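First the structure, which I've put down as structure tokens, then a few questions once you've had a look.
Read-outs throughout are calculated quantities, based only on the coordinates presented, and are distinct from any laboratory measurement. Given the structure is predicted, the values throughout are model-derived calculations rather than measurements. We place every Cβ from the backbone using ideal geometry, glycine too, and count neighbours over all the protein chains shown.
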Amino acid sequence: MRPPIICEPAATAVTKPVTGNLPQWTPRELIAFEEDIAAEFNDSKIKAPVHLYYGNEREIIDVFKDVHAEDWVLCSWRSHYQCLLKGVPVDEV
């Protein structure tokens with residue numbers, strides 16, 4: 001069984017693939033993504049609660065060093081970093 005969404009690295013905002021064909025994000029790039037989300041929330045463009053991840057970027061990047069394109073990733077809260085690191089395009093997150 002395959003995951004329901006498989007994204008090619010070229011479809012993401014980050015263009016440097018790493019082992020497993022997943023995009024490589026830096027802590028700064030993840031923080032910039034969250035800053036954009038926070039700005040949209042503060043401008044009332046996002047109507048749902050937003051739980052940001054700030055301060056845990058290095059840890060989640062380290063976890064994803066062992067994740068491959070064919071792996072499933074399950075999470076229950078603050079899943080946007082996991083989505084980005086797994087290769088889901090920014091526009092879909």
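For the stretch 18-62, which positions are hydrophobic (A, V, I, L, M, F, W, C), closer than 19 Å to Pro89 by Cβ, touching a residue at least 12 places away in the same chain (Cβ under 8 Å) and part of a helix (DSSP H, G or I)?
Scanning the stretch 18-62 gives Leu30, Ile31, Phe33, Ile37, Ile60, Ile61.
If Gly87 satisfies every condition in (1) surrounded by 15 or more Cβ atoms within 10 Å (Cβ to Cβ); (2) within 13 Å of Leu30 (Cβ to Cβ) but one, which is the exception?
(2)
Check off (1) surrounded by 14 or more Cβ atoms within 10 Å (Cβ to Cβ); (2) under 15 Å from Trp25 (Cα atoms) for His68 and give me the number that stays unchecked.
Looking at each condition in turn, His68 falls short on (1).
Can you work out which of the residues in the stretch 70-89 that are out of contact with any helix residue (DSSP H, G or I) (no Cβ under 7 Å at 6 or more places or on another chain) and of a type in the set (A, V, I, L, M, F, W, C) is farthest from Pro23 (Cα to Cα)?
Ranking the candidates gives Trp77 first.
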